[in-house]
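Data block below; observations after.
The values are calculated or read from the model by the stated rules, or taken from the named source; none is laboratory data. Here the structure is a predicted model, which means the values were calculated and not measured. With ideal geometry, Cβ positions are generated from the backbone for all residues, glycine too; neighbour counts draw on all protein chains shown.
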Amino acid sequence: MRFKKIMLLALFIAPLLLTGKAYADDYILDSKEGHAFIQFKAKHLGYSWVLGRFNEFNGTFSHDSKTGIISNVSATIEMESIDSNHAERDKHLRGGDFLKVRKFPEAQFESTGFKSTGKGKGVLKGTLTLLGKQWPVSINVTAMGTPGIDPWGGYRIGFEGRCKLQLNNSGIALRGSPIIDIFIAIEGVRGSPPAEEEANPFAL
């Protein structure tokens, strides 16, 4: 009888323990409405810079409002959408010397971990699949503003990120440094009701 009581108590408590720690909410990158950006900067012959962006991409991520941890980041970039504000150069960048978009139309990023470095700051680690190869990436992330209800009734949160890509042996015909600077500014819209009442979303 005592054993049965213990088992019933365990069965009752277990779901509470499991659900009590679930604070992460799922978000969708608001790229379709122009509230997310992926920009790059590369040296041009050592004299100056080529700046550009990717106009088409999508993604999702999770954010824990209790700890500030970002997880489950998944993004797909349409390489055809590269835009350096020069049509002929973009055509060249899409071709065989650089991005080879016919063979590799997409690049993917998947997160592998997150480490807090202070309030509202952290390092997001992940893997970038580009040109059929995988590259480890560390993105320095900063929370932007205060998350909350936007003018359209959605719940919105924002971050910016910066990283450097080391593209040695990538197959890209870089004329100069193989280091590409990346700047990311994103807004995410919550795709489901909150997992729990909001505490401090920037408790990193």
task = Please enumerate the residues belonging to segment 77-117 that are out of contact with any strand residue (DSSP E or B) (no Cβ under 8 Å at 6 or more places or on another chain), part of a helix (DSSP H, G or I) and surrounded by 13 or more Cβ atoms within 10 Å (Cβ to Cβ).
result = Glu80, His92
Yes/no for Pro201 being surrounded by 14 or more Cβ atoms within 10 Å (Cβ to Cβ) and either of a type in the set (Asp, Glu) or modelled with pLDDT under 90 (or both) = yes
query = How many residues are of a type in the set (Gly, Ala, Ser), surrounded by 14 or more Cβ atoms within 10 Å (Cβ to Cβ) and under 19 Å from Gly154 (Cβ atoms) if we restrict to segment 33-66?
reply = 4
ask   = Looking at (1) part of a strand (DSSP E or B); (2) under 25 Å from Phe40 (Cβ atoms); (3) at pLDDT below 95, which is the one condition that is false for Ala173?
value = (1)
query = If we keep just the residues of segment 118-148 that are in contact with a strand residue (DSSP E or B) (Cβ under 6 Å, 6 or more places away or on another chain) and of a type in the set (Val, Ile, Thr), which is nearest to Asn72 (Cα to Cα)?
reply = Thr127
task = Considering only segment 129-155, state which residues are in a strand (DSSP E or B), of a type outside the set (A, V, I, L, M, F, W, C) and more than 22 Å from Gly191 (Cβ to Cβ).
result = Thr129, Lys133, Gln134, Pro136, Ser138, Asn140, Thr142
ask   = Looking at Leu167, is it within 19 Å of Leu131 (Cβ to Cβ) and either aliphatic (A, V, I, L, M) or modelled with pLDDT of 95 or more (or both)?
value = yes
